[in-house]
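**Student:** First the structure, which I've put down as structure tokens, then a few questions once you've had a look.
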Amino acid sequence: MQIRDGLRRQAPSVTGAMRSPMSAMMLAMFATMASFYVAGRLWQDAQNRVYMIKELDRRTGQGRSAISVDDTLKVVSCRQQGKRLASLEMELAAAKHEGFVGKYTSETNATHSKKKPLVVIGIMTSFGRKNYREAVRKSWLPTGSLLKKLEDEKGIVVRFIVGRSANRGDRFDREIDDENKSTNDFVILDDHIESDEELPKKTKRYFANAAETFDAEFYAKVNDDIYINVDTLSAMLETHWDKPRVYIGCMKSGEVFSEATHKWYEPDWWKFGDGKSYFRHASGEMFVVSRAVAQFISINRSVLRTYAHDDVSVGSWMIGLAVKHVNEAKLCCSSWPSGAMCSAL
């Protein structure tokens, strides 16, 4: 009996000893599996994040082209400085027009004095209109040394304005180049393709080019079939020196044509309201703007909207500006008013 009781007392300790290694092994296996599970989830989450970042870059178009916050602030700052510079240039042009003279300019110094042109006149012409240009030269535009004399003594600069052929260097381009070698009275807009449909853009490029090339008081646009009395024009312009921003011409309005087959069709007719009438603007035969206005066109030419006609386009630019509109009857070239400065040839 004592032996059996002793065996019974020893049995539990043996069973416990056998269960302890079993429990440790199972715990180790469980820990290992848990480690693998956690590592797997972490790896999967990392892959998901990489995929989402790439997908976001693809959809937003950023990727490698994205710039930092600092770079973005620099770009914004440059744009603000550019706008401020453009504003200062306009203010400076207006101040000069009102008589302000700096301590030093390239026009006046200790050894040299150069007279500023009163007006630059751009005569809009195109290919195949040499006869019109010859008529202008024989009627009111001097040639050779007399053209230079007109610039030096009266401050009137006159140039024919023409673009380039769509087929660069063809017969049309060569004819203009040959004519210019003989007369030296052209401004050739190399960045403009000559065509009737592009006349509004050509007029914009002319004013931008003239404002950058000549520091004149006024800039005029005229067609190549118009006669000009330059002395009468000069006298009229001198009465407007006190106006820093001025727009002078034969002011008119007119019907907006929405029919595509009409000669004066306006593709943007719907923008002019139900009345289908243009706002007041100077006739395209001839008009004049002051230096500050020409410089505004030059600075903002990339954002200025053009319409089907050049006179309407220029008039639209003037509406939003503090510009003095001058309705000058003597610039109504087709009606031959008393004391006219211009007339149709």
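The values are calculated or read from the model by the stated rules, or taken from the named source; none is laboratory data. This is a predicted model, so every value here is computed, not measured. FYI the Cβ positions are ideal-geometry reconstructions off the backbone, even for glycines, and counts take in every protein chain you see.
**Student:** Since residue 316 meets every condition but one in (1) within 26 Å of residue 257 (Cβ to Cβ); (2) assigned to a loop (DSSP other than H, G, I, E, B), which condition does it not meet?
**Tutor:** (2)
**Student:** Is it true that residue 82 is exposed (fewer than 12 other Cβ atoms within 10 Å of the Cβ), on the phi > 0 side of the Ramachandran plot and modelled with pLDDT of 65 or more? Quick ask: steps written out before the conclusion?
**Tutor:** Details: exposed (fewer than 12 other Cβ atoms within 10 Å of the Cβ): yes; on the phi > 0 side of the Ramachandran plot: no; modelled with pLDDT of 65 or more: yes.
For residue 82, the condition - exposed (fewer than 12 other Cβ atoms within 10 Å of the Cβ), on the phi > 0 side of the Ramachandran plot and modelled with pLDDT of 65 or more - is not met.
**Student:** Something else: So in region 319-345, with the set limited to residues that are part of a loop (DSSP other than H, G, I, E, B) and under 18 Å from the mean Cα position of the chain (by Cα), which one is nearest to residue 230 (Cα to Cα)?
**Tutor:** Of the residues in region 319-345, the ones part of a loop (DSSP other than H, G, I, E, B) are 320-323, 328, 332, 336-341, 345.
Cutting the leftovers down to under 18 Å from the mean Cα position of the chain (by Cα) gives us 320-321.
On the way: 320: 31, 321: 28 Å.
The extreme case among them is 321.
**Student:** Across region 231-253, which residue is nearest to residue 158 (Cα to Cα) among those that are of a type outside the set (A, V, I, L, M, F, W, C) and surrounded by fewer than 16 Cβ atoms within 10 Å (Cβ to Cβ)?
**Tutor:** 231
**Student:** In addition: Taking region 242-260 on its own, how many of its residues are touching an Asp or Glu at 6+ places or on another chain (Cβ under 7 Å) and within 15 Å of residue 324 (Cα to Cα)?
**Tutor:** Residues that pass the stated criteria total 4.
**Student:** May I pose another question? Would you check which residues across region 153-167 are crowded, with 24+ Cβ neighbours inside 10 Å and at positive phi and list them?
**Tutor:** Those that are crowded, with 24+ Cβ neighbours inside 10 Å and at positive phi: none in region 153-167.
**Student:** Now for a different question. So for region 171-187 (the condition being part of a strand (DSSP E or B), more than 20 Å from the chain's Cα centre (by Cα) and under 22 Å from residue 129 (Cβ atoms)), does at least one residue qualify? Outline the logic, then answer.
**Tutor:** Applying the first criterion (part of a strand (DSSP E or B)) to region 171-187 yields 186-187.
Next, from what is left, pick out any that are more than 20 Å from the chain's Cα centre (by Cα): 186-187.
Still in the list and also under 22 Å from residue 129 (Cβ atoms): 186-187.
Among the residues of region 171-187, at least one is part of a strand (DSSP E or B), more than 20 Å from the chain's Cα centre (by Cα) and under 22 Å from residue 129 (Cβ atoms), which makes the answer yes.
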